[in-house]
Amino acid sequence: MGLVLVVEDEVDLNNLIRDQLVGAGHEVVIETGAGNGIGVDDAQYRAAGASIAARAADVFGRAELIVKVKEPQPLECEMLRPGQVLFTYLHLAADPAQAHGLMKSGATAIAYETVTAPNGSLPLLTPMSEVAGRMSIQVGAACLQKANGGFGVLLGGVPGVPPAKIVVLGGGVAGTNATEIAVGMRADVTVVDRSVDRLRQLSALFGPALRTAYSTTETIERLVCDADLVVGAVLVAGAASPGYRRRVAGDSHAAAAVQREDGDRVGSGLGGTDLQCAGFRRTGVAAAGRPGNLG
């Protein structure tokens with residue numbers, strides 16, 4: 001078997017390569033520079049038993065199993081061939097062009113985010129959701145800073161000034177991690193979810209530092225229109241996350257970690273690595289959003 005790791009700057013697999021892949025008789029091919037983002041150079045991969053290829057096309061041509069971190073780009077989809085296996089984060093629900101490209105290639109594509117454990121959990125998506133949830137508050141706080149186009153809102157407030165109001169839509173892994181950071185920064189935090197059992201768990205976990213609310217359209221409209229920061233942490237595994245369409249013209253100045261679709265949709269998309277942060281002005285929660293990445 002040939003294993004290709006396409007250059008993505010943060011591939012650290014030395015122990016895996018040496019002990020479990022090369023040691024089991026597999027050939028490992030890594031595109032040059034794949035570890036630059038974490039300070040691992042090609043020489044270290046060679047020492048672990050991998051060979052280095054100068055171009056992605058070379059490794060795509062040799063490998064039977066291709067392992068990536070991010071979804072394949074259109075040019076990479078064209079390099080795939082029948083019989084190959086691609087293992088990476090895909091998030092196909094939000095990217096039909098990628099789905100069509102993969103189907104056309106004839107390769108077998110396995111999405112990390114849909115790999116399911118016997119207990120129904122998503123073990124490969126969980127760590128990405130933990131990171132995304134925590135970063136959403138960090139990035140959202142930066143969006144609220146005056147220098148970044150926000151209204152100069154401090155999440156924890158100061159004596160005499162109330163803390164920022166944060167609304168977390170979804171109480172799963174990403175939402176819980178966002179809540180943990182927001183509560184730790186002494187913000188006024190409300191989590192919205194459709195599971196009463198989950199709301200009870202979160203209430204027991206965070207105590208009086210957290211407000212909880214059952215998810216209805218009216219509840220979301222009321223909370224979002226009064227929020228300084230909105231975190232969209234709703235997940236439907238393997239599908240596009242549900243959107244929330246504002247029906248009222250609010251005066252919110254939220255800097256929101258949400259996905260923006262169809263102009264005025266708020267609420268949305270995870271995966272891991274899929275929370276987006278956008279600064280909003282007084283023209284509306286999502287209609288004036290500027291989507292961006294967590295970093």
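Every read-out reported here was derived from the displayed coordinates using simple, explicitly stated rules and does not represent laboratory data. Since the structure is predicted, the reported quantities are computational estimates derived from the model, not experimental observations. When we count neighbours, we look across all protein chains shown, and the Cβ atoms used for this are built from the backbone with ideal geometry, even at glycine.
For the range 178-190, 3J(HN,Hα) computed residue by residue from phi via the Karplus equation (6.51, -1.76, 1.60; θ = phi - 60°) reads 5, 4, 4, 6, 5, 5, x, 8, 6, 7, 8, 10, 10 Hz, glycine and proline entered as x.
Please list 18-25, 116-123 highest first by mean number of surrounding beta-carbon atoms within 10 Å per residue.
On the way: 18-25: 12.6, 116-123: 10.8.
The most tightly packed comes first, giving 18-25, 116-123.
Spin-label pair His100-Gln138: with each label point 7 Å from Cα along the Cα-Cβ axis, the two points sit 3.7 nm from one another.
Note: relative contact order over the range 14-126, using C-alpha pairs below 8 Å and six or more positions apart, is 18 percent.
Length gained on full extension, His26 to Leu75: 15.0 nm, using 0.36 nm per residue less the C-alpha separation. When Ile166, Ile220, Ile137 are arranged by Cβ crowding within 10 Å, least crowded first, meaning fewest neighbours, the order is Ile220, Ile137, Ile166.
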